[in-house]
Amino acid sequence: MPKVIAVHSYRGGTGKSNLTANLATTVAQQGYRVGVVDTDMPSPGIHNIFGLEPEMITKTLNSYLWGEAELADGAYDVSQNLDLGNGGELFLVPSSCKADDIAHILKDGYDVRLLNDGFRQLVKTLELDYLFIDTHPGLSKETFLTIAISHCLLLIVRPDKQDYQGTAVTLDVARQLNVRHVQIVINKALSCLEPGALRQKVEETYEVPVAGLFPLSEDVVKLASEGVFCARHPEHSVTQEFQAVARRIME
């Protein structure tokens, strides 16, 4: 049974797309067939991390939602850009980064019911073992659907009051939608914060396990989204934390 993982944050700027790309790559490195769908249609960007240039993109999630193509037609094999090994493969369905297409989405929206059908079709056509959904920050009807159909919800939170409050609201929604497996990933934690105490505080506050804790890393920032960090720096301590989170997802 393929596993669907929604990666979400209440606010932008949490590093959600970078985390999604690195976790998907880490799982693919274990020999699995992995798909990633960029549903952050108002502000798409994960294609940059996977090295998929805009001029290479002809079909997108938008194409599917507007009835112009099947969702699998917009799935690009980005495995060659990554050091996967073990026979793993990774496919990305990007959203359109054309200004007119983004304006169209913002103005008219789309039929959210098509998303669920598209995800099922994609998993079947590409024979995926895991599907990662990079969501749009905040709460909307599109987010509710993505959360509701996922087997696992990863909430990305920074040590920030606004993030903490927004995450509480998101968790409330997830519980109402009966999402069974919710985990929190703390990102961009300052070095002055004691990791063990921070992890304990978050787990006690939300009554949800912390799957991983990532420091605010200059090495990650220096990469500037021009590549997948764990593929570029396989021995780095941050990569080891991605591996730990991936193991928890795959349990």
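The values are calculated or read from the model by the stated rules, or taken from the named source; none is laboratory data. Values in this document were obtained by computation on a predicted structure and should not be read as measured data. So basically every Cβ, Gly included, is an ideal-geometry build from the backbone, and we count neighbours across all protein chains shown. Side chains included, ligands, DNA and RNA excluded: accessible areas come from the protein's heavy atoms. Shrake-Rupley method; radii C 1.70, N 1.55, O 1.52, S 1.80 Å.
Using DSSP to define loop residues, name the GluC sites (Glu not before Pro) in the stretch 183-216 whose beta-carbon has at most 16 other beta-carbon atoms within 10 Å.
Details: sites: GLU203, GLU204, GLU207; in loops: GLU207.
Within the stretch 183-216, the qualifying GluC sites (Glu not before Pro) (loop, at most 16 other Cβ atoms within 10 Å) are GLU207.
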Pairs of alpha-carbon atoms within less than 8 angstrom and 6+ residues apart define the contacts here; what relative contact order does the chain have, in percent? 28 percent
By DSSP, what percent of the beta bridges with both residues in the chain are antiparallel, rounded to the nearest 5? 5 percent
Probe 1.4 Å, accessible area per residue of the stretch 140-240, Å²: 54 Å²
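Could you calculate the FRET efficiency of ASP117 with SER43 from 1/(1 + (r/R0)^6), where r is the beta carbon distance between them and R0 is 30 Å, rounded to 0.05? Present the calculation step by step, with values, prior to reporting the outcome.
On the way: r = 24 Å, r/R0 = 0.81.
After rounding, the FRET efficiency stands at 0.80.
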How much accessible area per residue does the stretch 62-133 have, counting only protein heavy atoms and a probe of 1.4 Å, in square angstrom? 50 Å²
Using +1 on the beta carbon of Lys and Arg, -1 on that of Asp and Glu, and nothing else charged, what's the dipole of the stretch 88-206 about the Cα centre, debye to 20? 260 debye
Of all accessible surface on the stretch 55-132 at a 1.4 Å probe, what whole percent is carbon and sulfur? 45 percent
In square nanometres and to one decimal, what's the mean projected area of the convex hull around the Cα atoms of the chain? 12.7 nm²
With an 8 Å cut-off on Cα pairs and a minimum separation of 6 or more residues, tell me the relative contact order of the stretch 161-250 in percent. 25 percent
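Relative to the present Cα-Cα distance, how much length would full extension add between LEU177 and LYS201 at 0.36 nm per residue of separation? Please report the intermediate quantities before stating the final value.
Values: separation 24, 0.36 × 24 = 8.64 nm, distance 2.50 nm.
So the chain would gain 6.1 nm between LEU177 and LYS201.
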Please list 3J(HN,Hα) in residue order for the stretch 81-93, calculated via the Karplus relation 6.51 cos²θ - 1.76 cosθ + 1.60 where θ = phi - 60°; whole Hz, with x for glycine and proline. 7, 10, 8, 7, x, 6, x, x, 9, 9, 10, 10, 9
Sorted on mean Cβ neighbours within 10 Å (highest first), peptides 82-92, 4-14 come out as 4-14, 82-92
Of VAL185, VAL228, VAL112, the most mobile residue in a GNM of the chain (C-alpha springs, cutoff 10 Å) is VAL112
